[in-house]
Structure formats: C-alpha cells, structure tokens
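Trainee: For reference, the structure I am asking about is given below.
The values are calculated or read from the model by the stated rules, or taken from the named source; none is laboratory data. The shown structure was predicted, so the numbers you read here are calculated from the model rather than taken from an experiment. With ideal geometry, Cβ positions are generated from the backbone for all residues, glycine too; neighbour counts draw on all protein chains shown. Protein only, heavy atoms only, side chains kept; ligands, DNA and RNA dropped before computing areas. Shrake-Rupley method; radii C 1.70, N 1.55, O 1.52, S 1.80 Å.
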Amino acid sequence: MPDQSFPDDFLWGAATSAYQIEGAADEDGRRPSVWDTFAAVPGNVRDGDTGAVAADHYHRAAEDLDLMASLGLRGYRFSIAWPRVQPHGGGRPDQRGLDFYRRLVDGLAERGIRPMATLFHWDLPQALQDAGGWENRDTAARFADYAEIVFDALEIRDWLTINEPKTVVDCGYRLGIHAPGVRDDARAFVALHHLLLAHGQASRVLHERHPGRRIGPALNLHPTYPAEDTPEAAEAARQRDGLENRLYLDPILTGAYPEDTLAWIAERSPMPGHIRDGDLAVISEPIDLIGVQYYNPIFVDAKGERVHLHPTAQLDWLEIYPRGLYDVLTRLAADYPPVPLVITENGMAAPDERGPDGRVDDPERVAYLRDHIAAVRDAMAEGVPVEGYHVWSLLDNFEWAEGYSARFGIVHVDFATQTRTPKTSALWYRDLIASGRLS
Ligand code: GBH
C-alpha cells in the first residue's frame, strides 16, 4: 500500500473567482465586464442567471473568511476583479476596489491562510472589449499596467496571471458559449497570442518590481488519449494534445509554439502574422510555478471526435478519470523544464440540495476528491514537485453559462438567503487537512 500521507507543509486550499462569487456588480465604482454584458443577453446563460448578486461575497467576506478558518484551510485562491480596480480598463485605480482586496488579504493573514491571487479570471472590463479586447495587442499592455497596480497595492507572495487562456480561446472565441460570445477561429487565435503576451508581460513586471515573489499561469490541462487501438486514433490524440495542452505549455515553458499546431492554426487564422520579434521571449519569461487545473481527460476516436469512456458528473464534459491527473503531473515533469506545480483547481459539479435534516450530503464529490487527491499523491511519490491542492470550489457559485444550476462548492449556498452550509465533502476535506493523510 502506497504511503498515504502528505508533507506537513502541503498547501491545502480552496479556490474561487471574482465574478462567480462577489456580486455587488454596480458597487464602489465597479463598471461592467464582458461577463455582465454577455449574461444580460437572453439565451447566453441558463435561466437568464447573471453574476449581479452571485454568492454576495463582496458583502460577506468576513463570514466567508471565518468559514475558511473553520475548515482549516491553509490556502485560498481568489481572483481580483479588474473592473473594480480600473473600472474603465485603464488609468488611476479606484481605491475602493483595491481596499476590498486589502481587507481580504488582511483577513487571511489574521487566520494564517496563505493567499494566491489570480489577476484575470475572465472579467475583462467592457471598455477594453469595446476597444477590441484580446484581439487588440494593446490589451496586453493594459493588462501589464493593471498588474503593476495590484502587485504594488497587495502584500501577496504568489500570483497567477491568466486563468485558463484555453477556455477564453475555445469557449469565448471559437464556440461562443462564454463572453465575448465570438464564433470565429480566425479571431480566436489572435486573441490567444495576446493572452499569452499579457501573461508574459505581467510576469516580467512582477519580477522587476518584486523580486522574491512568484508568478505563473493557471492552465487547464486535458490529457488526450486514443479511444481505440488504431494508428489513426493515436494520431488524432497527438493532434488534439497540441490544441489542448502544447499550444499553451510550449510557448510559456520552451519559448516556441508547437509547429504542428501552429500549421493547423495558420490554415484558419492570421494569428502567425501577429507574432512579432521578441514576443516569444516575453511569453517565455521564466515562471516560478504552474497552476494546474484538471477536470477531465479527452479520449478521441479515429476521426478525432471526443468519446466518453467513463462516467460523467452533472455536466457532460466532466468525464471522471482520476488517473488523468496523475498523467498530467508526470507528463509535466517528464516533458518540460522543472517548475513547482500547484493544483489550482480540481472538483466536480452536482445538483446538491439541503436535506430535511439541514445537511447537504455529497458522497460523489467526496469520492471524486479522494480519488483525485490520491492521484496527486501517486505523482508526488514519483518525485513530481506538487506544492499544494486547491479544490474548486469553496462555495457554490455562478457557473458561467450554466448559471446557478451546477454546484461545484464544498460549501452549499442557498442563493435565496445566502446561507452557507458545509457539505459532507467540506467536513471530509477538513479532516483530511487536519490529519494530512488519506485513509
Ligand atoms: C474552470 O473552467 C474555471 O476556471 C472555473 O471558473 C469554473 O467554474 C470551473 O472550471 C468549473 O467549470 O466545450 O461545451 O464541452 C473549466 C473550463 C469547462 C472549459 C468546460 C471547457 C467545456 C464546455 N472548462 N468547458 S464544452
């Protein structure tokens, strides 16, 4: 039986993002982000839900901090809302927005919880979208300005740049199911290049201004596998790996786009023409950590179509395959230069409801977390440098196009009353943190 225990200093945390929990969309000077605009259009979000109130965290941060402490969390990953700091996407910051995050960071420090802040979790100021958004190269420069403001204002050691550039590209610009709702490959990959440029520029700013602090991207990685034992399926899986993983990992970690994937993109997008001399040196600014986000594998058949070979959670993309997390972690260690890894998201959705006894029992989530955390431990046993694990999510929240119908929290939120109830999984996680070992 493998060793069940984790190092004493393992960072056990939980993650959230601003638009998904804060609400208070019009308060303290905040102006709309692309998600306020997108969610306001009927048909874009299930049931017409928006993040206007969400989990009301902006008004309940003190209570939520106590909740984190009661679970024994050692780390908390949250994101900063750019439209609170620079409501119009540029210029002098609004101090009220910064003060909210200063108080949050102070509250974490008082409780001995380590902060990890994401600069951008999809809530681009609408004013910048009106100027072209990520298709406009200037947005990367605006992002570096914004990053400098928050780096200087907040006493935080560990930072993440862009949350899941791949999801912005795929869901926001190819499928059109996330803000800004574009369905155009030509535009999507131009946006991709500028997202990566923004990542690199902000990372440089941190290193120049705050040596000793750490920064990296938060990448959703999807291990790809052939669904059948044919050379065609193997080749389809290799191609798909380019679009899912190497397209993000290679430029950041090795300073070059993967040639096969870039050739595929060149047939669909003017993106290669937007790569200027020096861009890849910026994009490959050395990083101090990789935020690894893992939810599901991708199995493809000979035609390159995704097929599901395992049970799925509430959302049909959420095929459950814990071994995929082990494969992602060991692959990073084998194929790329060594960088400390932090799991910045992992979790599952369920339509959890409070039972008559007032409790919320979520045995499927307990099993999901247990099996994925065991996969992390297996990778660590082989020497993969994983520093921590953040469950997605601390609270039930606004699940983007799914609205409030999909609950990812280990803590249930009754959105009518904003009552928080730790689910069985939260109590299980609390016990795991306290003991430091899976049993
Ligand atoms: C993460 O995204 C996000 O960082 C977080 O905000 C979110 O709440 C959490 O995970 C749970 O979803 O192409 O129709 O099959 C996960 C992103 C979600 C991206 C599913 C790809 C596929 C939708 N992934 N999506 S579809």
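Trainee: Tally up the carbon and sulfur contribution to the accessible surface of the range 11-435 as a whole percent, 1.4 Å probe, everything protein left in place.
Mentor: Values: 7670 of 15390 Å².
Here it works out to 50 percent.
Trainee: Going by the alpha-carbon gyration tensor, a ≥ b ≥ c the square roots of its eigenvalues, is the range 1-92 rounded (a/c under 1.5) or, if a/c is not under 1.5, prolate (a/b greater than b/c) versus oblate?
Mentor: Details: a/c = 2.39, a/b = 1.92, b/c = 1.24.
Judged from the Cα gyration tensor, the range 1-92 comes out prolate (a/c at least 1.5, a/b above b/c).
Trainee: For the range 134-185, what size does the Cα cloud have along each of its three principal axes, sorted from largest down, in whole Å?
Mentor: That gives 39, 22, 12 Å along the principal axes, largest extent first.
Trainee: Taking amide H positions as placed in the peptide plane 1.01 Å from N, state which residues far from H412 in sequence (5 or more) or on other chains have amide H under 5 Å from it.
Mentor: Here the answer is T421, K423, since their amide H atoms fall under 5 Å of that of H412.
Trainee: When a/c is below 1.5 the answer is rounded, else prolate if a/b is larger than b/c, else oblate, so apply that to the range 11-435 with a ≥ b ≥ c taken from the square roots of the Cα gyration tensor eigenvalues. Please list the in-between numbers first.
Mentor: Details: a/c = 1.35, a/b = 1.09, b/c = 1.24.
It is rounded, given that a/c, with a ≥ b ≥ c, falls under 1.5.
Trainee: Just to be sure I understand the model, the point goes 7 Å from the Cα along the line to the Cβ. What's the resulting E382 to T417 distance in nm?
Mentor: Modelled inter-label distance: 4.8 nm.
Trainee: Choose one of A191, Q129, L247: the residue whose Cα lies farthest towards the positive end of the charge dipole of the chain (beta-carbon charges +1 Lys, Arg; -1 Asp, Glu; about the Cα centre).
Mentor: Q129
Trainee: Using a 1.4 angstrom probe with every protein chain in place, what is the largest-first accessible-area order of R46, R30, R174?
Mentor: Numbers: R46 125, R30 15, R174 60 Å².
Sorted descending by solvent-accessible area, the residues read R46, R174, R30.
Trainee: With +1 on each Lys and Arg Cβ and -1 on each Asp and Glu Cβ, and nothing else charged, work out how big the dipole of the chain is about its Cα centre, in Debye to the nearest 20.
Mentor: On the way: 43 positive and 68 negative charges, 148 e Å.
Result for the chain is approximately 700 debye, rounded to the nearest 20.
Trainee: Report the label-to-label distance for D28 and I275 in nanometres (one decimal), using points 7 Å from each Cα along the Cα→Cβ vector.
Mentor: Going from the D28 label point to the I275 one covers 4.1 nm.
Trainee: Still on this structure, please answer the following. Taking θ = phi - 60°, what integer Hz values does the Karplus form 6.51 cos²θ - 1.76 cosθ + 1.60 yield along the range 343-354, in sequence order, with x for Gly and Pro?
Mentor: Along the range 343-354, the couplings run 6, 9, 7, 6, x, 9, 9, 8, x, 4, 10, 6 Hz.
Trainee: Describe numerically, in nm with one decimal, the distance between label points set 7 Å from Cα along Cα→Cβ at A374 and at D357.
Mentor: The modelled label-to-label distance comes out at 2.5 nm.
Trainee: Compare the peptides 392-404, 280-292 by average per-residue count of other Cβ atoms within 10 angstrom and give them in order, highest first. Please list the in-between numbers first.
Mentor: Values: 392-404: 22.9, 280-292: 20.2.
Descending packing order for the listed peptides: 392-404, 280-292.
Trainee: If you don't mind, another one. Check which residues have an amide H placed less than 5 Å from V391's amide H, if you skip close sequence neighbours.
Mentor: G13, A14, A15
Trainee: Count neighbours as other Cβ atoms within 10 Å of each site's Cβ, and list the chymotrypsin sites (Phe, Trp or Tyr not before Pro) in the range 274-342 that are DSSP loop with at most 15 such neighbours.
Mentor: W317
Trainee: Let me ask another. Determine the distance separating the Cα centre of the range 188-244 from the Cα centre of the range 79-141; give it in Å without decimals.
Mentor: 22
Trainee: Among the trypsin sites (Lys or Arg not before Pro) within the range 259-367, which fall in a DSSP loop and have no more than 14 other Cβ atoms within 10 Å of their own Cβ? Don't jump to the answer; show the numbers that get you there.
Mentor: Values: sites: R268, R276, K303, R306, R323, R331, R354, R359, R365; in loops: R268, R276, K303, R354, R359.
Hits after loop and neighbour filter: R268, R276, K303, R354, R359.
Trainee: Tell me the per residue accessible area of the range 11-435 using a 1.4 Å probe; a whole number in Å² is fine.
Mentor: Working: 15390 Å² over 425 residues.
Solvent-accessible surface per residue comes out at 36 Å².
Trainee: I would also like to ask the following. Determine the gain in length on full extension of the stretch R213-R238; use 0.36 nm per residue of separation and subtract their C-alpha separation, reporting nm with one decimal. Don't jump to the answer; show the numbers that get you there.
Mentor: Numbers: separation 25, 0.36 × 25 = 9.00 nm, distance 3.57 nm.
Residue separation times 0.36 nm, minus the Cα-Cα distance, leaves 5.4 nm.
Trainee: What ranking of L243, L71, L309 comes out by heavy-atom accessible area, probe 1.4 Å, highest first? Spell out each step's value before the answer.
Mentor: Working: L243 35, L71 5, L309 95 Å².
Heavy-atom accessible area, descending, gives L309, L243, L71.
Trainee: Go from 0 up to the bin containing the longest alpha carbon distance in the range 5-51, width 5 Å each, and give me the % of pairs per bin.
Mentor: Each 5 Å bin holds this share of Cα pairs: 4, 16, 20, 17, 11, 7, 7, 6, 8, 2.
Trainee: Residue by residue, what Karplus-based ³J(HN,Hα) values in Hz, rounded to whole numbers, does the range 51-63 have, using 6.51, -1.76 and 1.60 with θ = phi - 60° and x for Gly and Pro?
Mentor: x, 4, 10, 6, 8, 6, 4, 4, 9, 10, 4, 5, 4
Trainee: Here's a follow-up. As an exercise, use a Förster radius of 51 Å and the Cβ-Cβ distance of K303 and D9 to find the FRET efficiency, rounded to the nearest 0.05. Kindly include the intermediate steps, with their values, before the conclusion.
Mentor: Values: r = 47 Å, r/R0 = 0.92.
Efficiency computed from Cβ-Cβ geometry: 0.60.
Trainee: Residue by residue through the range 284-289, which ³J(HN,Hα) values in whole Hz follow from phi under the Karplus form 6.51 cos²θ - 1.76 cosθ + 1.60 (θ = phi - 60°), with glycine and proline marked x?
Mentor: Each residue of the range 284-289 in turn: 9, 2, x, 9, 9, 6 Hz.
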